[in-house]
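The values are calculated or read from the model by the stated rules, or taken from the named source; none is laboratory data. Here the structure is a predicted model, which is why all the values come from computation and not from measurement. Backbone-built Cβ (ideal geometry, glycine too); neighbour counts: all protein chains shown.
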């Protein structure tokens with residue numbers, strides 16, 4: 001029997017989702033919890049086939065830590081996340097962190113059912129309208145990056161992340177580097193740009209031609 005775990009801290013929403021899925025799919029067992037930590041404490045030996053989890057991708061550090069914990073604790077489980085923040089960067093980020101599917105809370109029940117079936121069939125899932133949103137992100141060429149005078153291409157890339165208020169930990173994960181290396185590059189960027197803070201870096205960056 002297929003087991004689906006719902007992780008959602010809002011009880012009413014979690015209960016509603018469970019009821020919807022139990023009506024749509026037969027021969028499934030549903031589990032629910034407010035967090036992956038609480039679930040593991042209550043069911044240490046349970047390995048769901050599919051985990052459906054609410055995230056807030058505005059909080060990238062928190063989301064990153066949760067996704068990493070799930071992939072570590074349940075490496076064989078498929079993972080669907082749903083969010084209320086429609087942003088190409090966030091979508092790309094959660095897939096990079098190991099998610100197999102992505103939905104927005106405003107998506108339809110039919111899309112939720114389609115996503116669940118895709119993941120249970122071993123496929124990945126992203127609604128068509130969201131796929132269209134991230135196509136520019138996926139096809140963006142490296143030469144579209146604003147190269148800053150006196151900075152290398154990699155430093156320019158990291159500077160672009162810094163002015164979006166990404167911290168060094170998130171940048172390191174995006175680029176596959178360690179945080180210490182990104183911190184050193186950050187200091188070099190500030191020095192080369194002759195600024196003392198990220199706010200000053202933003203001002204300098206936006207004055208570039």
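Tabulated values for the structure
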| item | result |
| --- | --- |
| Among the candidates 19, 56, 65, residue that is over 20 Å from the mean Cα position of the chain (by Cα), on the phi < 0 side of the Ramachandran plot and not in a strand (DSSP E or B) | 19 |
| Search result, residues across the range 148-179 that are surrounded by fewer than 14 Cβ atoms within 10 Å (Cβ to Cβ) and within 18 Å of residue 195 (Cβ to Cβ) | 149, 150, 164, 165 |
| Residues of the range 72-90 that turn out to be in contact with a strand residue (DSSP E or B) (Cβ under 9 Å, 6 or more places away or on another chain) and modelled with pLDDT under 85, as a count | 4 |
| Residues (surrounded by fewer than 16 Cβ atoms within 10 Å (Cβ to Cβ) and outside any helix (DSSP H, G or I)) located in the range 22-48 | 25, 26, 27, 29, 34, 35, 43, 44, 45, 46, 47 |
| Filtered residue count, the range 92-115, keeping only those that are touching a residue at least 60 places away in the same chain (Cβ under 8 Å) and either buried (at least 16 other Cβ atoms within 10 Å of the Cβ) or under 26 Å from residue 174 (Cβ atoms) (or both) | 4 |
